[in-house]
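A.B. asks: Structure in structure tokens, see below.
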Amino acid sequence: MSSEFKFQMSEFLPFRDVEACERVRNIKKEDICDHPNENFKIRVIEDQTAFAFAFLTDIVAGIKKSLDEGRQYVMILPAPNPQYALVAHMLNELNISCKHVHTFNMDEYADESGVSAPKTWEGGFQYWMYHDLFDKIKPELRMPDSQINFPSSDNVNDYTKMLEDLGGADVCYGGIGWSGHVAFFEPHLAEEFGEDIDAYLQAGSRLVDLHCITQCQNSLFADAGCAGDLSSCPPKAVTIGPKDLANSKLVSFWDGFSYGDISWQRFITRLAAHGPVTPRVPASILQVIDSELIISGVVAENCATELGERRTAIEL
């Protein structure tokens, strides 16, 4: 970035290490998959359609493989997405039973008093997970309701133990939030842990205040009318914690948010994957647990390193 004008980053930003930000900002697309930890695997799927299809088939393949092996399968699933309907379609068409599957959703919204959203609220994750996925699986193939789990104000203090009682998740799917969060475990919670990663990895499910960056991210999605409507976003959430990722046999994060050739995930993906491992960037724990990070081609594109680099001049 140009050296003609220097400034301090805004104080509301959870991570403000100028040198680290500069370093990861300059990681080129061709180098983004290189990482010294061999247990942290990064790969790029260039085509956006292929990226989405790979994620959906990965979910179905895990269900089918565990069925064939005659074992239970415990999954942590991220926020609802209309494409979950394609998972249900594949399960139905291939006649794959899910009776052995236990699902745990990552998070759910809560109000200012900490009361989680009911299943009937159309802005909630539980509502859309049933609408897009669970209710679309044939009844004879669907997992029992007792094996479909969501964090709530009633169970949030026991949600991590519920996972532990099943031996932890076989796979924890997710993606890196704009603030660097995992699920809704936000970067401002770092004040509780300092830089003690070992203690951080023992933090389980809890009720949290949503960071302002997360509120902005959420306001871009359909639940807020794709309108940037901050007034539509609840202030709190119940969420899994770093311990639930650390206890998972595999953490599989998929970063593919884009709007045409624009993606807010370019920088935060680099910071989480190649910056310091710190609670101030929650997703940086991917670097020290058994995990994989799959990135779409748009997200993997270079960050702008000079002001105006991505601009096209208009000549009149």
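A.B. asks: For a Förster distance of 45 Å, can you work out the FRET efficiency between the beta-carbons of residue 11 and residue 95, rounded to the nearest 0.05?
C.D. replies: With a Förster radius of 45 Å, E is 0.20.
A.B. asks: For segment 111-121, what does the Karplus curve 6.51 cos²θ - 1.76 cosθ + 1.60, with θ = phi - 60°, yield as ³J(HN,Hα) per residue in whole Hz, taken in order and with x for Gly and Pro?
C.D. replies: Once rounded to whole Hz, the list reads 7, 5, 9, x, 7, 6, 5, x, 4, 7, 7.
A.B. asks: I need the calculated FRET efficiency for the pair residue 226 and residue 83, taking r as the beta carbon distance and R₀ as 22 Å, to the nearest 0.05.
C.D. replies: Efficiency, rounded to the nearest 0.05: 0.85.
A.B. asks: Moving on to the next point. Would you kindly compute the Cα radius of gyration of the chain and its largest Cα-Cα separation (Dmax), both in Å?
C.D. replies: Rg, Dmax (Cα atoms, Å): 19.6, 68.
A.B. asks: HN-Hα J couplings of segment 170-180 from phi, Karplus 6.51/-1.76/1.60, θ = phi - 60°, integer Hz, Gly and Pro as x?
C.D. replies: Using θ = phi - 60°, the values come out as 5, 8, 10, 8, x, x, 8, x, 4, 7, x Hz.
A.B. asks: Using a 10 Å cut-off around each Cβ, can you sort 101, 298, 288, 44 from fewest to most neighbouring Cβ atoms?
C.D. replies: In order of increasing Cβ crowding within 10 Å: 288, 44, 298, 101.
A.B. asks: Would you mind calculating the gained length between residue 43 and residue 20 on full extension (0.36 nm times residue separation, minus the Cα-Cα distance), in nm to one decimal?
C.D. replies: 6.1 nm
A.B. asks: If each residue's Cβ is checked for other Cβ atoms within 10 Å, how do 68, 132 rank with the fewest at the top?
C.D. replies: 68, 132
A.B. asks: What are the aspartates and glutamates whose alpha-carbon lies under 16 Å from the alpha-carbon of residue 236, with same-chain residues fewer than 8 places away excluded?
C.D. replies: Result set, ordered by chain and number: 107, 108, 111, 112, 154, 186, 209, 223.
A.B. asks: Tell me the GluC sites (Glu not before Pro) within segment 126-211 that lie in a loop according to DSSP and have at most 11 other beta-carbon atoms within 10 Å.
C.D. replies: 140
A.B. asks: With N denoting the number of residues in segment 6-120, provide Rg(C-alpha) divided by 2.2 N^0.38 Å, to two decimal places.
C.D. replies: Relative to the rule-of-thumb radius for its length, segment 6-120 sits at 1.50.
A.B. asks: What residues from segment 65-107 fall in the zone where the backbone N is under 12 Å from a label point 7 Å along the Cα-to-C-beta line of residue 138?
C.D. replies: 89-98
A.B. asks: Using only the Cα atoms of segment 189-271, what semi-axes does the equivalent ellipsoid have when each is the square root of 5 times a gyration tensor eigenvalue? Give whole Å, largest first.
C.D. replies: In descending order the semi-axes read 26, 18, 12 Å.
A.B. asks: Beyond 29 Å between alpha-carbons counts as too far, so tell me which of 99/119; 41/243; 65/243; 41/119 fall in that bin.
C.D. replies: Pairs exceeding the cut-off: 41/119.
A.B. asks: Return, ordered by residue number, the residues of segment 194-235 whose backbone nitrogen is under 13 Å from a label point located 7 Å along Cα→Cβ of residue 277.
C.D. replies: 196-202
A.B. asks: Roughly what % of DSSP beta bridges within the chain run antiparallel, to the nearest 5?
C.D. replies: About 30 percent, rounded to the nearest 5.
A.B. asks: Give me, ordered by chain and number, the residues 5 or more places off residue 41 or on other chains with an amide H under 5 Å from its own placed amide H.
C.D. replies: Sorted by chain and number, the residues that satisfy this are 291, 292, 293.
A.B. asks: Using DSSP to call loops (not H, G, I, E or B), can you name the trypsin sites (Lys or Arg not before Pro) in segment 84-192 whose Cβ has at most 14 other Cβ atoms within 10 angstrom?
C.D. replies: Of the trypsin sites (Lys or Arg not before Pro), the ones in loops of segment 84-192 whose Cβ has at most 14 other Cβ atoms within 10 Å are 99, 119.
A.B. asks: Would you order 243, 41, 6 from fewest to most other beta-carbon atoms within 10 Å of each residue's own beta-carbon?
C.D. replies: With the fewest neighbours first, 243, 41, 6 line up as 6, 41, 243.
Taken together, the values in this text are just the output of simple stated rules run on the coordinates, not laboratory data. Since the structure is predicted, the reported quantities are computational estimates derived from the model, not experimental observations. A quick note on method: Cβ atoms are made from the backbone with ideal geometry, for glycine too, and the neighbour counts reach across all protein chains shown.
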